[in-house]
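All remarks here apply to the structure that follows.
The values are calculated or read from the model by the stated rules, or taken from the named source; none is laboratory data. Fair warning: this is a prediction, and the values are worked out from it, not measured in the lab. Glycine also receives a Cβ, built like all others from the backbone with ideal geometry; neighbour counts cover every protein chain displayed. Ligands, DNA and RNA are stripped out before the accessible areas are found, and what is left, the full protein with its side chains, is counted by its heavy atoms. Shrake-Rupley method; radii C 1.70, N 1.55, O 1.52, S 1.80 Å.
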Amino acid sequence: MTPLPLVGPRIRDRRRALGVTQAGLASTLGISASYLNLIEAGRRRIGGALLKQIAEALDLGIDDLDGAAERRVLSDLAELAAEPLLVGLRLDPATALQLAGHHPGWARALVTLHRAWLDRGRTVSALSDRLRHDPFLPDAVHKLLTRVAAIKSSAEIVQGAQDLAPDQLRRFAVIVGSDSQRLAELAQVLAAYFERAHTAVRSVTPVGEVDDFLADRGHHFPALEDAAEALRGAAGITGDGAQHAEAGLANYLARAHGEHLPPASPRMALARRAAELACSDGPLADELRRATTLTNEAARRRAGQVLTDYLAAAVLMPYDAFLAAARAMRFDAEALGRTFDTGFAAACERLTTLHRPGAEGPPFALMRVDAAGYLSRRVPLPRLPMPRHGSACPLWAAYQALQSPGAIVRQLVEFPGGERFVMVARTVEQPGPGFPMPRRLASLMLACDALYADQTIYGDGLDLSSTAPALPVGPNCRICTRTGCAYRQEDPMIDA
Amino acid sequence: MAAGPEFETSAARKVLIAEDDANIVESLSFVLGRAGFEVGAALDGNEVLRRLRVEPFDVLVLDLMLPRRNGFEVLKAIKAEPTLRALPVLVLTAKGQPQDRRLVETIGAEAFMTKPFSNTDLVEAVRRLVRS
């Protein structure tokens, strides 16, 4: 392997640190002092036997000299520089080489800290997820409150004892006594749990912040729905669906904003551009101004994109028409994608926004994941835990769908806390560079509470009662309590 | 005491308590009985629906965490059955989480009360449902 130019200075530093002269080292190595000088000045590249010989003479590991250790540090530094938190510093990759060469100790310190920081972050979010979705906690609190309810109710009866027969009085006093004992035991179990667990921390990543913002707003933006209707009016769009909107949007862009998008631009791109031009100073900016929970620029940018996509989707799939069609088609996302010419993915996204009070669809969760397990879209439901970072449970339909591209995978699943959902997933092809580069395939999954599944085509043929067999799944391995699961990839973070 | 006998307003009214905790069933039966209601109890979700289909009740007090068929399912089945739909349901649960409450309201419960409740409030809520 060709060493980097920094090998020379490193040899010189080490030689000097050992108090060896250039001539002395040259004679040990059986080379001329002037050749060693060229090597130390970085003007001769060396490798193989000579490099090995120098490493031995200077009591160094070969990877300290052949650049392998250095390349590792450099690639780690590059990863560090790409950290969204540091992007604003505009670190120059070229200077990483100097840092690693001249101050290897400092470079390693940075890399070590970065790794520790990443690790802490993952621990914190896993703990936070664990606490929010741990079936143990709601279960324990439920038992606790049930006991308290029994005690309180009986105690109230005993308090009004004047009109009570002695045997009744005794009976309710016994209940108070025995339930108090059980309450004390439960409280101890709960206290022991908290000795092991830690405090939950709210996400600080831009993606996490935007997820929280969308969830706080209930994934529905009335002002943007109105803006979409206004934009449809301005563009003279009458029919439903993207096909009808295409010409109107192209004309509108040319007429109102003097823009001509290339012919055959995707309809979604037309709608997005029109939404941006028409509303970025109006309704979109208003929504962003109200998003006070977004703490940094990256999060605001991301939220801006998500809201623009929302508006574009509302232009192509107007609320009332889409809801009516969805009900008629029993929320069949593929059929809706065909009817509105927007495709499966856009129809799935739109299904998660049907929360207009008085005209609501069933609540849907959504996630998009690629073959590496990267979770790029996440619309959770209050009862459906979805990890903020890393992968979910390998049994989820989203992952199963990647095994048979193009086919719909449907599952009735049960979580450790007893929550049941119908999950439906299919792969979607994302625009990529084309042959010979790999396809960009992602898996898109919709999920709805089993209670609502009978309203959808995806509940057909399933026994949706809570005692029917269902696939046992979890949130993700780190926080899952199913100890005997054959699909487990990681040990649980906290033993249940 | 508000939970005292008031036979004149609630005589012959029948309440079904759907609850799997025997002690709660006992104390609720007592206070509702003393308030003049005729009280029945069902310990799991399937039994609730079985009872309701053969015997008329005026109010159902429904716990969410029932064995065999949970309270959500029972409520949904009641609201989907033309002969049962009009039965007022008071959902009683220890899981007072807002998402549960929302779900219950969406399915169509008439009232919602979290544990621990006070006997007086519960009797009052049942009376209100009977009157309405």
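This table checks each residue for (1) within 27 Å of A:Ala468 (Cβ to Cβ); (2) surrounded by fewer than 20 Cβ atoms within 10 Å (Cβ to Cβ); (3) free of Cβ contacts under 8 Å to residues at least 12 places away in the same chain; (4) more than 14 Å from every other protein chain (Cβ to nearest Cβ).
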site: B:Leu16; (1), (2), (3), (4): yes, no, no, yes
site: B:Glu38; (1), (2), (3), (4): no, yes, no, yes
site: B:Gly45; (1), (2), (3), (4): yes, no, no, no
site: B:Leu49; (1), (2), (3), (4): yes, yes, no, no
site: B:Leu52; (1), (2), (3), (4): yes, no, no, yes
site: B:Asp58; (1), (2), (3), (4): no, yes, no, yes
site: B:Leu75; (1), (2), (3), (4): yes, no, no, no
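When segment B:61-73 is examined, which residues are found to be within 14 Å of the chain's Cα centre (by Cα) and within 10 Å of chain A (Cβ to nearest Cβ)? Please lay out each step first, then the result.
Taking segment B:61-73 as the starting set, the residues that turn out to be within 14 Å of the chain's Cα centre (by Cα) are B:61-66, B:70-72.
Result: B:Asp63, B:Leu64, B:Met65, B:Leu66, B:Asn70, B:Phe72.
Do we have A:Ser125 as in a helix (DSSP H, G or I), small (Gly, Ala, Ser) and under 30 Å from B:Asn119 (Cα atoms) here?
Criteria not met by A:Ser125.
Find the helices (runs of 4 or more DSSP H) located wholly in segment A:1-108 whose residues include 1 or more that are at pLDDT below 85, and list them.
Details: elements: A:7-17, A:22-29, A:33-40, A:48-57, A:62-65, A:68-81, A:93-102.
Correct list: A:7-17, A:48-57, A:62-65, A:68-81, A:93-102.
The conditions are (1) away from chain B (no Cβ under 14 Å); (2) modelled with pLDDT under 80, and A:Asp139 fails exactly one of them. Which is it?
(1)
Going by what's in this entry, would B:Gly4 be described as at negative phi and modelled with pLDDT under 90? Give the derivation first.
Working: at negative phi: yes; modelled with pLDDT under 90: yes.
Spelling it out, B:Gly4 is indeed at negative phi and modelled with pLDDT under 90.
Results for (1) open to solvent by 20 Å² or more (accessible area, probe 1.4 Å); (2) away from chain B (no Cβ under 14 Å), shown as yes or no for each residue.
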| site | (1), (2) |
| --- | --- |
| A:Tyr399 | yes, yes |
| A:Gln403 | yes, yes |
| A:Arg410 | yes, yes |
| A:Glu414 | yes, no |
| A:Gly417 | yes, no |
| A:Met423 | no, yes |
| A:Pro436 | yes, yes |
| A:Leu441 | yes, yes |
| A:Cys448 | no, no |
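Taking A:Arg170, is it closer than 30 Å to A:Asp129 by Cα, at pLDDT 85 or above, part of a helix (DSSP H, G or I) and open to solvent by 80 Å² or more (accessible area, probe 1.4 Å)?
In short, no.
Yes or no: B:Gly45 touching a helix residue (DSSP H, G or I) at 6+ places or on another chain (Cβ under 9 Å) and modelled with pLDDT of 90 or more? Steps first, answer last, please.
Values: touching a helix residue (DSSP H, G or I) at 6+ places or on another chain (Cβ under 9 Å): yes; modelled with pLDDT of 90 or more: yes.
In short, yes.
Please list, ordered by first then second residue, the pairs with beta carbon atoms under 7 Å, 6 or more apart or interchain, first in segment A:163-180 and more than 8 Å from chain B (Cβ to nearest Cβ), second part of a helix (DSSP H, G or I).
A:Leu169/A:Val158; A:Leu169/A:Ala161; A:Ala173/A:Val158; A:Val176/A:Ile151; A:Val176/A:Ser154; A:Val176/A:Ala155; A:Val176/A:Val158; A:Ser180/A:Ile151
Working carefully through the options A:Arg302, A:Arg330, find the one that is at positive phi, open to solvent by 50 Å² or more (accessible area, probe 1.4 Å) and either modelled with pLDDT of 90 or more or within 30 Å of the chain's Cα centre (by Cα) (or both). Full working, then the answer.
Numbers: A:Arg302 fails: at positive phi.
Of A:Arg302, A:Arg330, the one residue that is at positive phi, open to solvent by 50 Å² or more (accessible area, probe 1.4 Å) and either modelled with pLDDT of 90 or more or within 30 Å of the chain's Cα centre (by Cα) (or both) is A:Arg330.
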